[in-house]
1. With the structure loaded, tell me whether residue 158 is farther than 30 Å from residue 292 by Cβ, touching a strand residue (DSSP E or B) at 6+ places or on another chain (Cβ under 9 Å) and surrounded by fewer than 20 Cβ atoms within 10 Å (Cβ to Cβ) or whether it fails that test.
2. Residue 271 versus (1) loosely packed, with under 15 Cβ neighbours inside 10 Å; (2) under 30 Å from residue 134 (Cβ atoms); (3) in contact with a helix residue (DSSP H, G or I) (Cβ under 8 Å, 6 or more places away or on another chain): which is the lone unmet condition?
3. Quick check, is residue 161 out of contact with any helix residue (DSSP H, G or I) (no Cβ under 7 Å at 6 or more places or on another chain), at pLDDT below 95 and not assigned by TED's automatic domain parsing to the domain that holds residue 228?
4. Just checking, does segment 238-251 include any residue being assigned by TED's automatic domain parsing to the domain that holds residue 306 and closer than 24 Å to residue 42 by Cα?
5. Restricting attention to segment 224-235, which residues are crowded, with 17+ Cβ neighbours inside 10 Å and either under 24 Å from the mean Cα position of the chain (by Cα) or outside the structural domain of residue 185 (by TED's automatic domain parsing) (or both)?
6. Just one of 209, 196 is within 17 Å of the chain's Cα centre (by Cα), farther than 23 Å from residue 41 by Cα and assigned to a strand (DSSP E or B); which is it?
7. Quick one: would you say residue 110 is over 15 Å from residue 81 (Cα atoms) and without any contact (Cβ under 8 Å) to a residue 24 or more places away in the chain?
8. Is it true that some residue in segment 280-297 is within 23 Å of residue 209 (Cβ to Cβ), out of contact with any helix residue (DSSP H, G or I) (no Cβ under 6 Å at 6 or more places or on another chain) and at pLDDT below 95?
């Protein structure tokens, strides 16, 4: 009984003092560098985004983000290419502010840093050798050095269809082979169906896309192969397109094939973002030292294929796509 009285008395005292002194759950803290960068040797530039963490006193609904909460003045960003203990290339990235749409965040500043691909920077874009590592170093005045590293990915090599495109023939029990080799931990292949809508007074180029293939780490090994049949392709087109009454007719252009690969860092980041904790905060993967964020590697490639006459005729008159308004020419 005495213990119960003690608990009740303590609870009443807590309620009394909480009314007198409101508890502030927001603890002040120094800003933390937030870094995002994905190396892509197939791109025309390397990009790194640098911002910082911030605290809002009034919440996201009633308070916009201050511009001072987004930028580290005087920050410098570097990339280094190492092979074992030997550094053979180093470059400083160029600051660049990318405008964003107005909203919770102001349109500017939106600080990025980039390194264009040219003759003087090719060492940081060249195909990797064994034991190659690219290191990211960020020097922020008054802050510990922020750094990370990743292993660059080699290029995706397309074996079929040809890089300059070719015509696919499906009918007569045929299937079309898509074959490629790639480095990395995870791989995806998308098909983008490109076509044109013809109206009374204009023509609009359009496209729809879907994921056709993805790897399962540990179960798929390069080179990768995916076989497309005519029936399966027509079903996918019908599932991603709707009839449009305002369109006089539609013409087929081509089907682009997009290949994507990423390293284990980006794959783990994507995987952990799918896991939600009980407080809905998520499990945030981080490989940035003295900061938070992501520094990894990816690669991409593209080719295309067209359709033969019988395939176009099936697109225009076949049971799955006849209502979409395509012509066979």
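1. yes
2. The failed condition is (3).
3. When the stated conditions are applied, residue 161 does not pass them.
4. No, that holds for no residue.
5. 224 - this is the single residue of segment 224-235 that is crowded, with 17+ Cβ neighbours inside 10 Å and either under 24 Å from the mean Cα position of the chain (by Cα) or outside the structural domain of residue 185 (by TED's automatic domain parsing) (or both).
6. So the residue among 209, 196 that is within 17 Å of the chain's Cα centre (by Cα), farther than 23 Å from residue 41 by Cα and assigned to a strand (DSSP E or B) is 209.
7. no
8. For segment 280-297, residues within 23 Å of residue 209 (Cβ to Cβ), out of contact with any helix residue (DSSP H, G or I) (no Cβ under 6 Å at 6 or more places or on another chain) and at pLDDT below 95: absent.
The values are calculated or read from the model by the stated rules, or taken from the named source; none is laboratory data. This is a predicted model, so every value here is computed, not measured. Neighbour counts are summed over all protein chains in view; Cβ atoms, including those assigned to glycine, are modelled from backbone coordinates with ideal geometry.
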